[in-house]
Amino acid sequence: MRPRLVLRQTGNVIRAQAADAGLAGQLARMGLDRLVLPVPLAVLEELLAFAG
């Protein structure tokens, strides 16, 4: 089974890659597809709650 959400860090940027196009689009619209470190805890909580 493929994970619903994969987080990958490159330098000071964390990219959230979604398993399906619909979720990827929603993350992009919310600005949660690319996070620049340091990331506030509230933003990480929002990302994880949204992705379920």
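Bear in mind these aren't lab numbers, they're just calculated from the coordinates by the rules spelled out. Being a predicted model, the structure only gives us computed values, none of them experimental. Glycine also receives a Cβ, built like all others from the backbone with ideal geometry; neighbour counts cover every protein chain displayed.
Observations on the model:
- Residue by residue, region 2-18 carries 3J(HN,Hα) couplings of 7, x, 5, 9, 10, 9, 10, 9, 10, x, 9, 10, 10, 9, 9, 10, 8 Hz when phi is fed to the Karplus relation 6.51 cos²θ - 1.76 cosθ + 1.60 (θ = phi - 60°); x denotes Gly or Pro.
- Burial ranking of peptide ranges 39-48, 15-24 (average Cβ count within 10 Å, highest at the top): 15-24, 39-48
- Placing +1 on the Cβ of every Lys and Arg and -1 on the Cβ of every Asp and Glu, with nothing else charged, gives the chain a dipole about its Cα centre of roughly 180 debye.
- Crossing angle, helix 41-51 versus the chain [Cα axis fit, 0-90 degrees, rounded to tens]: 10 degrees
- All Cα pairs of the chain, percent lying beyond 17 Å: 28 percent
- Degrees separating the helix 21-30 axis from the principal Cα axis of the chain, which is the longest one: 30 degrees
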